[in-house]
Amino acid sequence: MSRESLPPVAGPARRTVIAAVGAAGLAVALTACGSDDGSSDSANTQAGANASGGDSGAGGNASSGSGGTALAKTSDIPEGGGKVFSDHQVVVSQPKAGEFKAFTTICTHRQCPMTDLQDDILVCACHGSRFSVIDGSVKHGPALEPLGAKKITVDGDSITLA
């Protein structure tokens, strides 16, 4: 039997395919690193407020008219430390008994979400920045800006993200 050769099929050149794959990889890498303009979080750094409360309320579900998201009970937050709520990208701390503060868990360096809380220090796994959950300040760079404050309300023993 004789074998017929098939005509060559026209397609993109090998060089074009390699260049396209390289460009796509570069785009993914640049997107993952984010921008360094600092405009996204710096505007929110002073936007939030913190609240403190005592044992004057009945507690309960923490949906006390504000329509916020119930986060925790006051007893869930250790004094001198904090607790990360990854689903809401917030960390709540208790600097001293009865005083509660909240900060974003998005690193101000490259906007990486942070979940690693070691005592009162929130650690960014992306580039190693460290932040105090007591006051949101930068403890170790490369981040230069403090964590943005988040507004919370404390009603009795319930903490709500406003």
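The values are calculated or read from the model by the stated rules, or taken from the named source; none is laboratory data. All of these numbers come straight from a predicted model, not from anything done at the bench. All Cβ positions, glycine included, derive from the backbone under ideal geometry; neighbour counts span all protein chains shown. Protein only, heavy atoms only, side chains kept; ligands, DNA and RNA dropped before computing areas. Shrake-Rupley method; radii C 1.70, N 1.55, O 1.52, S 1.80 Å.
Give me a count of the residues in segment 134-162 that are open to solvent by 50 Å² or more (accessible area, probe 1.4 Å) and at positive phi.
Here the count works out to 0.
Can you tell me which residue in segment 56-79 is modelled with the lowest pLDDT, limited to those that are open to solvent by 40 Å² or more (accessible area, probe 1.4 Å) and under 19 Å from Gln94 (Cα atoms)?
Ser56
Taking segment 87-121 on its own, how many of its residues are under 13 Å from Lys151 (Cα atoms), in contact with a Lys or Arg (Cβ under 9 Å, 6 or more places away or on another chain) and not in a strand (DSSP E or B)?
Summing the residues that are under 13 Å from Lys151 (Cα atoms), in contact with a Lys or Arg (Cβ under 9 Å, 6 or more places away or on another chain) and not in a strand (DSSP E or B) in segment 87-121 gives 2.
Tell me, please, whether a residue that is free of Cβ contacts under 8 Å to residues at least 40 places away in the same chain, of a type in the set (Ser, Thr, Tyr) and under 19 Å from Leu71 (Cβ atoms) can be found in segment 129-136.
No, there is no match, as no residue in segment 129-136 is free of Cβ contacts under 8 Å to residues at least 40 places away in the same chain, of a type in the set (Ser, Thr, Tyr) and under 19 Å from Leu71 (Cβ atoms).
Tell me, yes or no, whether segment 130-141 has at least one residue that is at pLDDT 90 or above and under 21 Å from Ser158 (Cβ atoms).
Yes, because at least one residue in segment 130-141 is at pLDDT 90 or above and under 21 Å from Ser158 (Cβ atoms).
Would you tally the residues in segment 83-112 being surrounded by 24 or more Cβ atoms within 10 Å (Cβ to Cβ), of a type in the set (A, V, I, L, M, F, W, C) and farther than 11 Å from Ile159 by Cβ?
3
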